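S.K.: Sending over a structure as structure tokens; questions will come in a sec.
Rule-based calculations on the coordinates, nothing more; no lab input. As the structure is a prediction and not an experimental result, all values here were calculated from the model. Cβ atoms come from the backbone with ideal geometry, glycine included; neighbour counts cover every protein chain shown.
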Amino acid sequence: MTGAIEVVRAGALTTVQDAGRIGWAHLGVPRAGALDAPSRRLANRLAGNPADAALLETTATGCAVRPDRPVVAVVGGAPCRVTVDGRPVAWGTPVHVPAGAVLDAGPAVQGLRSYLAFGGGLLPEPVLGSRSADLLSGLGPAPLRDGDVLPLGHGASRPAAPDAVPWPGAPAELVLPVRLGPRHTWFTDQALRTLTTATYRVSPHSNRIGLRTEGPALARAHEGELPSEGMVLGAIQVPPDGRPVVFLNDHPTTGGYPVVGVVDETALAGAAQAVPGTRVRFVSAG
């Protein structure tokens, strides 16, 4: 049975996300997609969906929705209080939400982003093969507002009954392995030592575009700016203030500030859950 969900409380920033628009960077189209890919895959699996099904990604304050048909739902990612019509239900495992009931995922108690998966997945109109919202380019569905309605696919009416579920926790310290290049020669030797020995912290100005850091500035060995060149997920760009910025899923496809190194994609899930003030260490990937 198909149906829809109505947004009762949109929260600070709630977007539809899936695996993203992979393979379009050569045309200037960003990737987007859920920042915490392991949590996206696990929430979908528990809801009985393919790993790349569209779901909701919340930021800090959670959200509340009302389905118009019975649905299996999973709230995972950042732990939070979950209720159905005000009654507490389990976080991180499938629950049954009756038609017309309000599923409320409260503010994150650890981490930053929670994920709400629904049996059958969300079905807003795809753009270039993805249903993901991209905050930088504006592609995909807009960030949710109270009263929005999203189409819901066909899914199972009864939740599964898993045993222990290995949800990753929010990092107390974010350790990011770095491979230097392509523009590390634009920085002094001391700056490169600083990058891999100093402790940074997550800036409150971080978002889906990039994880901004607070800490010692990286000194340049060359003045001036580069012509714009291609950017990849995990690139560590260094703007004029010298503080590294780690590009996340909504990053631009080109940029002119030098990239001192790149963090492997597999290490970025923790960045999705790193709250402002979290310690960040860049370490050599070998």
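S.K.: Once you order the gyration tensor axes a ≥ b ≥ c over the Cα atoms, which shape class does region 173-284 get: rounded for a/c under 1.5, otherwise prolate or oblate by comparing a/b with b/c?
M.R.: Since a/c reaches 1.5 but b/c is at least a/b, the shape of region 173-284 is classed as oblate.
S.K.: Now for a separate question. Would you kindly state how much longer the chain becomes between residue 266 and residue 175 on full extension, computed as 0.36 nm times their sequence separation minus their alpha carbon distance, in nm to one decimal?
M.R.: That works out to 31.6 nm of additional length.
S.K.: What size of dipole, in debye to the nearest 20, comes out for region 3-152 about its Cα centre when the only charges are +1 on Lys and Arg C-beta atoms and -1 on Asp and Glu C-beta atoms?
M.R.: Once rounded to the nearest 20, the dipole reads 280 debye.
S.K.: Express as a percent, rounded to the nearest 5, the fraction of DSSP beta bridges in the chain (both residues included) that run antiparallel.
M.R.: Just about 90 percent of them are antiparallel.
S.K.: Further question on the same structure: How high is the relative contact order of region 30-125? Use alpha-carbon pairs under 8 Å, at least six apart in sequence, and give a whole percent.
M.R.: Computed over region 30-125, the figure is 37 percent.
S.K.: Let me ask another. Expected output is a single nm value to one decimal: the length gained when fully extending between residue 219 and residue 51, i.e. 0.36 nm times separation in residues minus the C-alpha distance. What is it?
M.R.: Contour length minus the Cα-Cα distance gives 56.3 nm.
S.K.: Rounded to the nearest 20 debye, what is the charge dipole size of the chain about its Cα centre when +1 sits on each Lys and Arg Cβ and -1 on each Asp and Glu Cβ?
M.R.: 400
S.K.: What relative contact order, as a whole-number percentage, does the chain give when Cα pairs under 8 Å and 6 or more residues apart are counted?
M.R.: Dividing the mean separation by the residue count of the chain yields 22 percent.
S.K.: Amide H to amide H, which residues 5 or more places from residue 283 or on other chains are under 5 Å from it, using H placed in the peptide plane?
M.R.: Here 176, 178 satisfy the definition.
S.K.: Just from its helices, what would the mean residue ellipticity at 222 nm be for the chain, if runs of 4 or more DSSP H residues each count -39500 (n - 2.57) and the sum is divided by every residue, rounded to the nearest 500 deg cm²/dmol?
M.R.: Dividing the helical sum by the residues of the chain leaves -2000 deg cm²/dmol.
S.K.: Something else: Considering the values [x] 62, 37, 30; [y] 46, 40, 40; [z] 68, 36, 34, which represents Cα extents along the principal axes in Å as calculated for the structure under consideration?
M.R.: [x]
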